[in-house]
Amino acid sequence: MGLRLLSTAAGNGSVSGLVGSERAVATWWVKSSPVFGVRNASTSTMTLGEKEQKDGKDQKEEVVGGGGATAATSGGQKGKEVASYWGVPPSRLTKEDGSEWKWHCFRPWETYQADLSIDLKKHHVPKTFLDKFAYWTVKSLRLPTDIFFQRRYGCRAMMLETVAAVPGMVGGMLLHCKSLRRFEPSGGWIKALLEEAENERMHLMTFMEVAKPKWYERALVFAVQGVFFNAYFVAYLASPKLAHRITGYLEEEAIHSYTEFLKELDNGNIENVKAPAIAIDYWRLPADSTLRDVVMVVRADEAHHRDVNHFASDIHYQGLELKDSPAPIGYH
């Protein structure tokens with residue numbers, strides 16, 4: 001999409017560039033602006049007396065400290081002015097066409113174009129006891145999912161992503177703590193796993209726009225996530241190679257589910273509606289993209305996560321630690 005970004009923020013008066021994985025450059029314009037108060041970053045803190053004077057001049061402003069910063073609502077419209085005593089104003093980003101960047105959950109330099117050429121049929125054949133245990137554990141989890149959701153693939157995708165975003169967060173968190181305890185780097189694996197968790201969470205944010213879950217489905221998410229998080233946490237502590245293998249097989253099942261989703265779309269059983277706006281910006285999709293295009297890129301993401309987790313498990317099987325092999329950061 002080649003986004004050119006403008007960000008007006010209180011700062012030290014310098015201009016810096018941000019380069020993403022696809023060399024998308026975000027241009028930052030740092031200047032004084034009324035939106036961030038009359039003072040620049042070097043004098044952004046007001047005294048208590050100045051704050052009281054400001055309160056007296058404008059009763060419409062909600063002041064909790066010094067140095068005002070205008071916040072935007074999720075819809076991109078200006079909301080109440082939020083004052084920041086600490087001088088941490090939100091950045092203001094615009095797209096190439098001048099419209100405001102309305103997504104606070106991700107930034108333009110975190111967007112990308114999915115690699116749809118990845119092999120979707122790759123499968124790790126279970127040979128060892130742990131591999132077979134991981135494989136049949138995941139297969140057993142698929143049965144109740146099929147019974148509950150049947151062919152309601154929008155809601156199935158929603159439930160799948162609430163679970164799929166857990167392993168990366170748990171693995172990244174435990175590696176983070178391990179890195180702190182041992183005073184050693186992680187080889188980039190902390191970032192890679194957290195990147196995976198965030199990508200899965202963005203899948204959920206997308207499908208929430210497509211499938212509106214009922215109250216009992218939301219309740220099911222609470223129960224499943226609570227059980228799965230703790231079970232996976234214990235599994236990762238006991239055996240990281242087992243935990244990553246389980247995730248690899250979960251991703252293989254996700255590929256299967258999204259393939260079935262595509263079949264239902266192609267057969268006309270599910271309406272191929274317009275792609276949600278958040279998906280168009282996150283994956284840099286064309287403006288006229290549909291739900292089918294979204295499912296295609298999500299399935300490609302799952303295939304990349306499959307490879308990363310099977311690779312991580314193989315590293316442990318070779319008697320090594322993840323830090324011994326460079327992490328595939330940005331692989332998805």
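Could you list all residues from the stretch 311-332 that are surrounded by fewer than 20 Cβ atoms within 10 Å (Cβ to Cβ) and touching a His at 6+ places or on another chain (Cβ under 6 Å)?
331
Which one is least open to solvent (accessible area, probe 1.4 Å), of the residues in the stretch 239-292 that are of a type in the set (S, T, N, Q), touching a residue at least 12 places away in the same chain (Cβ under 8 Å) and not in a helix (DSSP H, G or I)?
Filtering the stretch 239-292 down to residues of a type in the set (S, T, N, Q) leaves 239, 247, 257, 259, 267, 269, 272, 289-290.
Retained after the next criterion (residues that are touching a residue at least 12 places away in the same chain (Cβ under 8 Å)): 239, 247, 257, 259, 269, 272, 289-290.
Now narrow it down to the ones that are not in a helix (DSSP H, G or I): 239, 269, 272, 289-290.
Values: 239: 20, 269: 103, 272: 69, 289: 4, 290: 35 Å².
Only one residue tops the list, namely 289.
Does residue 116 satisfy the criteria of being open to solvent by 60 Å² or more (accessible area, probe 1.4 Å), in a loop (DSSP other than H, G, I, E, B), out of contact with any Phe, Trp or Tyr (no Cβ under 8 Å at 6 or more places or on another chain) and modelled with pLDDT of 90 or more? Full working, then the answer.
Working: open to solvent by 60 Å² or more (accessible area, probe 1.4 Å): yes; in a loop (DSSP other than H, G, I, E, B): yes; out of contact with any Phe, Trp or Tyr (no Cβ under 8 Å at 6 or more places or on another chain): yes; modelled with pLDDT of 90 or more: yes.
Against the criterion (open to solvent by 60 Å² or more (accessible area, probe 1.4 Å), in a loop (DSSP other than H, G, I, E, B), out of contact with any Phe, Trp or Tyr (no Cβ under 8 Å at 6 or more places or on another chain) and modelled with pLDDT of 90 or more), residue 116 qualifies.
Checking residue 74 against (1) modelled with pLDDT of 75 or more; (2) open to solvent by 50 Å² or more (accessible area, probe 1.4 Å), only one condition comes out false. Which one?
In the conditions (1) modelled with pLDDT of 75 or more; (2) open to solvent by 50 Å² or more (accessible area, probe 1.4 Å), residue 74 misses (1) alone.
List the residue pairs whose Cβ atoms are under 6 Å apart, where the first residue sits in the stretch 161-188 and is more than 21 Å from residue 224 (Cβ to Cβ), the second is hydroxyl-bearing (Ser, Thr, Tyr) and not in a helix (DSSP H, G or I), and the two are 6 or more positions apart or on different chains.
175/186; 179/186
Yes or no: residue 198 part of a helix (DSSP H, G or I), over 14 Å from residue 309 (Cα atoms) and touching a Cys at 6+ places or on another chain (Cβ under 7 Å)?
Details: part of a helix (DSSP H, G or I): yes; over 14 Å from residue 309 (Cα atoms): yes; touching a Cys at 6+ places or on another chain (Cβ under 7 Å): no.
Answer is no for this residue.
Residue by residue, here is whether (1) touching a Cys at 6+ places or on another chain (Cβ under 9 Å); (2) assigned to a helix (DSSP H, G or I); (3) modelled with pLDDT under 90; (4) under 18 Å from residue 253 (Cβ atoms) holds:
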{"position": "167", "(1), (2), (3), (4)": "no, yes, no, yes"}
{"position": "175", "(1), (2), (3), (4)": "no, yes, no, no"}
{"position": "185", "(1), (2), (3), (4)": "no, no, no, no"}
{"position": "194", "(1), (2), (3), (4)": "no, yes, no, no"}
{"position": "210", "(1), (2), (3), (4)": "no, no, yes, no"}
{"position": "217", "(1), (2), (3), (4)": "yes, yes, yes, no"}
{"position": "220", "(1), (2), (3), (4)": "no, yes, yes, yes"}
{"position": "225", "(1), (2), (3), (4)": "no, yes, yes, yes"}
{"position": "228", "(1), (2), (3), (4)": "no, yes, no, yes"}
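The values are calculated or read from the model by the stated rules, or taken from the named source; none is laboratory data. As the structure is a prediction and not an experimental result, all values here were calculated from the model. All Cβ positions, even for glycine, are placed from backbone atoms using ideal geometry, and neighbour counts span all protein chains on display. Protein only, heavy atoms only, side chains kept; ligands, DNA and RNA dropped before computing areas. Shrake-Rupley method; radii C 1.70, N 1.55, O 1.52, S 1.80 Å.
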